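S.K.: Provided herewith is a single structure, encoded as structure tokens, for subsequent inquiry.
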Amino acid sequence: MACNSKTSENSNYVKTVEAFHQKVAEAEPGDEIVLANGVWKNAELLFQGNGTAEKAITVRAEESGKVFLQGNSNLRISGSYLVVKGLVFNNGFTPTAEVISFRKDSKTLANNCRLTECVIDGYNNPERHDTETWLAVYGKNNRVDHNHLEGKNTKGVTMIVRLNSVESQENNHRIDHNYFGPRPNLGSNGGETLRIGTSHYSLTDSKTIVEANFFDRCDGEHETISNKSCKNIYKNNVFYECRGTLTMRHGNGTLVEGNVFIGNDKPCTGGIRVINGQQTVVNNYAIGLKGNRFRGAFVIMNGVPNSTINRYHQVKDAKVTNNTFINCDNVQLCAGSDAERSAVPLNSVVADNIFYNEVKNDVFTAYDDISGIAFKNNLISPNITALTKDGFVKEKLTLSLNDKGLLVPTDKNLKVGATIPTEIATKENTGASWYSKADKKVVLSSGKTIQVKAGLNTLVEAALASQPGDVLELSSEEVYRNTKTIPVSHPLTVKASGIKKAIVLFEKKVLFEIQNHGALQLEGLTFDGKKSPDDNGNSVISTSKYSMNTNYNLFIENCDFINLDINYAFDAIRVYKNTFADTISIQNSNFKDVTGSVVALDKETDDIGIYNAEYVILKNNSFKDVGCTVLNLYRGGTDESTYGPFLELENSVFDNVGNNKRNKAKSAISLYGVQKIDVKNNIFKDSKGVDMHLVVGEPVVEVLNNNFYNSEKLNITGDQKYTVQNVWTLNPMFDGESFKLSEKSSLKNKGTNGQDLGIQ
Ligand code: CA
């Protein structure tokens, strides 16, 4: 390539970190320093210098996308009129707290600099809960554009604008056309994608513009964006299937305009959350957002009277006009109202919006006095219950897809609702055009099917030779003996070839160990523990003992787990601290003679809102003679940044469960801080009961049609406001006494068929 030969001859073409720093020291305005294609390992680059407005100094890749910063590499930009272009950070993690920083140190910042077409992809510390930021902007007048930030798996905001000194305030940064790629659920606070400011400097003007960026499945936590400073503008961004909201957490005078939120009915997808004074929300469009509470499609919070700087400032002078919400489930006013958050919104207006949802009537929830909000001329679908007598007009609309594929009112002459900007952010017009945005995640059972002959370690060997997504098929009724642990470091399925189960024996403490990037699906297998070592702490499946920065899935279908009783504390599934499952699903399976637990998800004991699994699904199972708990699901602490855990426990039989004297939980099912609990159609016989400690947020509990025979019952404790729905029991021995709730709690004491449950 002509440009290559030119750059190779260029005296500013560098191949080493030393040569780079040498050239940086000599650089004059207008110079370009070119990094040679290839892998730069453990490269800590400091780009320090001063260009001019007309002649910047540029550092760029020889070819965009062919310079890889790996291992423990990072980049600091410091000075003025500097441009960085075309670098890729992957396969490693920063040796410092930031991957790319717009400063050398706290006194030497970057101003009028630009970071463009750079990529940070999966550049994660192995320690899940060590806090790191990928991109930190300091100084003033910097531009961050067309970058691609994907796969931040660990604690810490993906991108931060800092205001921690005068030199970084009123900064007028521009953040535009970036692609914020998928960020998985962290299962903890600290999973924000973009934060501007901190509570400490939140009453300071930032004046950052965030424009035309694409946020793609940014699911880290419930704040996709955490605005924590004054006078920022969020304009024409697209939020695609993000499990979170654009949150005006602190600071006043924010403008949120022309943004598009596409939920596609994905659970927990949110829109816009208003806190503080003088916030303007105008001309935004949202569709298919399903989040509730603080994650609603539109939320106005209650404040704390005379709030400290890090709590919730009262909403005043909010202007919410000409927004459109189609098929969104929840609009929440005075959200978070409680004894502390008692300051209701003042002097605010919600006018000329469309709230259209023909399926859900109770879209609006007001948790407190909404008289400080003037509702005017909002169009709602005829089925929706209006919040106030005036201010809402019921009208049936015809909806049709516009040229961008968004469902909008067909009537172009409507005076209410949003006008969608002619150009919205897309995957194509954001990020670096040369870097793929295709999904990298391999789906379980998407690979080839491999027949595995019965024998000694044939399963281990087949697993080691497998590729991501492969399916190992074991012969029905044949026996597979394993003297080694099977590491599961990519999505792997193991199943029986026919209707009858294949039998799997193992001689190590653990049969399957799910490691980073691993996921496991098991179907039609009998796991017999009789050959396992006579040692305590065996398990059929375990996670890595060490921190996992990737989330995993575990699906068990139609399997038997027997003779897990060689020694005490033999678990079916064992997880370790600093691991997180998106889903653990066990269905149509039998567990018999287990001295430990079936699954104990209780390893995050720091009580700071971290937990071990988001969705736990147990359906159509039989648990017989299980010494400890079938399930222990623990989410401690008072942090409100996350959604889960969610539990579905249905159609299962518990026979002699939990009676082992080593069962510290003293229950068959122990739930703590679980946010959504469904316990339906289960039979408990000669077993311990179900303990629920309801804390954090407003847990939703549905307990329906369970039979407790000669067993302990349901025991609910907790100090949080919560709703128990559809409580019903078949068993006359059940006296309902367990349901005495605290004063703050509410209870619908009707069953699904309207029967009076006679409980308080
Ligand atoms: Ca947060």
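The values are calculated or read from the model by the stated rules, or taken from the named source; none is laboratory data. Model, not experiment: these values are computed from the prediction. Note that we place each Cβ from the backbone using ideal geometry, even for glycine, and neighbour counts take in every protein chain shown. Ligands, DNA and RNA are excluded from the accessible area calculation, which covers all protein heavy atoms including side chains. Shrake-Rupley method; radii C 1.70, N 1.55, O 1.52, S 1.80 Å.
S.K.: Which condition does GLU63 not pass, out of (1) more than 30 Å from TYR546 (Cβ to Cβ); (2) surrounded by 20 or more Cβ atoms within 10 Å (Cβ to Cβ); (3) among the acidic types (Asp, Glu), if it passes all the others?
M.R.: Unmet condition: (2).
S.K.: Filter region 192-201 down to the residues that are within 16 Å of the ligand (Cβ to nearest atom) and not polar (S, T, N, Q), then identify the one that is surrounded by the fewest Cβ atoms within 10 Å (Cβ to Cβ).
M.R.: If we take residues in region 192-201 being within 16 Å of the ligand (Cβ to nearest atom) and not polar (S, T, N, Q), then HIS200 is surrounded by the fewest Cβ atoms within 10 Å (Cβ to Cβ).
S.K.: Scan region 665-674 and tell me whether some residue there is of a type in the set (D, E, K, R) and closer than 19 Å to SER188 by Cα.
M.R.: no
S.K.: Quick one: would you say ALA97 is within 15 Å of ILE120 (Cα to Cα), open to solvent by 20 Å² or more (accessible area, probe 1.4 Å) and small (Gly, Ala, Ser)?
M.R.: Judged against the criteria, ALA97 is a match.
S.K.: Considering region 264-289 alone, what residues qualify as being at negative phi, within 22 Å of the chain's Cα centre (by Cα) and surrounded by fewer than 21 Cβ atoms within 10 Å (Cβ to Cβ)?
M.R.: Passing the criteria: LYS266, PRO267.
S.K.: Considering VAL653, VAL657, which residue is modelled with pLDDT of 95 or more and open to solvent by 30 Å² or more (accessible area, probe 1.4 Å)?
M.R.: Just a single option satisfies the conditions, and that option is VAL653.
S.K.: Examine region 199-216 for a residue that is under 21 Å from GLY151 (Cα atoms), under 18 Å from the mean Cα position of the chain (by Cα) and part of a loop (DSSP other than H, G, I, E, B), and state whether such a residue exists.
M.R.: Scanning region 199-216, I find no residue that is under 21 Å from GLY151 (Cα atoms), under 18 Å from the mean Cα position of the chain (by Cα) and part of a loop (DSSP other than H, G, I, E, B), so the answer is no.
S.K.: Which of the residues that make up region 246-277 are away from the ligand (no atom under 16 Å from the Cβ), closer than 21 Å to ASN185 by Cβ and not in a strand (DSSP E or B)?
M.R.: GLY263, ASN264, ASP265, LYS266, PRO267, THR269, GLY271
S.K.: Any residue at all in region 202-212 that's within 16 Å of the ligand (Cβ to nearest atom) and under 27 Å from ILE309 (Cβ atoms)?
M.R.: Looking through region 202-212, at least one residue is within 16 Å of the ligand (Cβ to nearest atom) and under 27 Å from ILE309 (Cβ atoms).
S.K.: Oh, and also: Kindly indicate whether ASN189 is assigned to a strand (DSSP E or B) and within 12 Å of the ligand (Cβ to nearest atom).
M.R.: no
S.K.: Could you name every one of the strands (runs of 3 or more DSSP E) located completely within region 1-104 that has at least 1 residues being of a type in the set (Phe, Trp, Tyr)?
M.R.: Per the criteria, 38-41, 44-50, 67-71, 87-92.
S.K.: Quick check: is even one residue across region 318-331 open to solvent by 40 Å² or more (accessible area, probe 1.4 Å), in contact with a helix residue (DSSP H, G or I) (Cβ under 9 Å, 6 or more places away or on another chain) and in a loop (DSSP other than H, G, I, E, B)?
M.R.: Taking every residue of region 318-331 in turn, none turns out to be open to solvent by 40 Å² or more (accessible area, probe 1.4 Å), in contact with a helix residue (DSSP H, G or I) (Cβ under 9 Å, 6 or more places away or on another chain) and in a loop (DSSP other than H, G, I, E, B).
S.K.: In region 172-184, which residues are touching a residue at least 60 places away in the same chain (Cβ under 8 Å), surrounded by 24 or more Cβ atoms within 10 Å (Cβ to Cβ) and either within 11 Å of the ligand (Cβ to nearest atom) or not hydroxyl-bearing (Ser, Thr, Tyr) (or both)?
M.R.: ASN178, GLY181
S.K.: OK, next. If you check SER229, SER307, which single one turns out to be open to solvent by less than 10 Å² (accessible area, probe 1.4 Å) and either out of contact with any Lys or Arg (no Cβ under 9 Å at 6 or more places or on another chain) or of a type in the set (Ser, Thr, Tyr) (or both)?
M.R.: Sole residue among the options that is open to solvent by less than 10 Å² (accessible area, probe 1.4 Å) and either out of contact with any Lys or Arg (no Cβ under 9 Å at 6 or more places or on another chain) or of a type in the set (Ser, Thr, Tyr) (or both): SER229.
S.K.: Next question. Does region 90-137 hold any residues that are closer than 21 Å to GLY51 by Cβ, charged (D, E, K, R) and in contact with a Ser or Thr (Cβ under 7 Å, 6 or more places away or on another chain), and which are they?
M.R.: Within region 90-137, ARG103, LYS104, GLU117 qualify.
S.K.: OK, next. Given the structure, is ALA19 among the hydrophobic types (A, V, I, L, M, F, W, C) and touching a strand residue (DSSP E or B) at 6+ places or on another chain (Cβ under 7 Å)?
M.R.: no
S.K.: Ok, one more. For region 598-626, which positions are under 22 Å from LYS688 (Cα atoms), touching a residue at least 40 places away in the same chain (Cβ under 8 Å) and assigned to a loop (DSSP other than H, G, I, E, B)?
M.R.: Answer for region 598-626, where residues must be under 22 Å from LYS688 (Cα atoms), touching a residue at least 40 places away in the same chain (Cβ under 8 Å) and assigned to a loop (DSSP other than H, G, I, E, B): just ASP602.
S.K.: Anything in region 221-245 that is free of Cβ contacts under 8 Å to residues at least 40 places away in the same chain and within 13 Å of the ligand (Cβ to nearest atom)? List them, or say none.
M.R.: If the condition is that a residue be free of Cβ contacts under 8 Å to residues at least 40 places away in the same chain and within 13 Å of the ligand (Cβ to nearest atom), then ILE225, ASN227, LYS228 are the ones that fit.
S.K.: Hey, another quick one. Restricting to region 603-613, and then to whatever is of a type outside the set (A, V, I, L, M) and surrounded by 23 or more Cβ atoms within 10 Å (Cβ to Cβ), can you tell me which residue is farthest from TYR552 (Cα to Cα)?
M.R.: GLU604
S.K.: A further question follows. Could you run through region 140-154 and say how many residues are part of a loop (DSSP other than H, G, I, E, B) and either open to solvent by less than 50 Å² (accessible area, probe 1.4 Å) or touching a residue at least 40 places away in the same chain (Cβ under 8 Å) (or both)?
M.R.: Total satisfying the criteria: 7.
S.K.: Looking only at region 591-648, which residues are within 16 Å of the ligand (Cβ to nearest atom) and either in contact with a Pro (Cβ under 9 Å, 6 or more places away or on another chain) or of a type in the set (D, E, K, R) (or both)?
M.R.: Across region 591-648, the qualifying residues are TYR611, ARG635, ASP639, GLU640, TYR643.
S.K.: Among the strands (runs of 3 or more DSSP E) confined wholly to region 660-752, which include 1 or more residues that are at pLDDT 90 or above?
M.R.: 669-672, 676-680, 683-685, 690-694, 700-709
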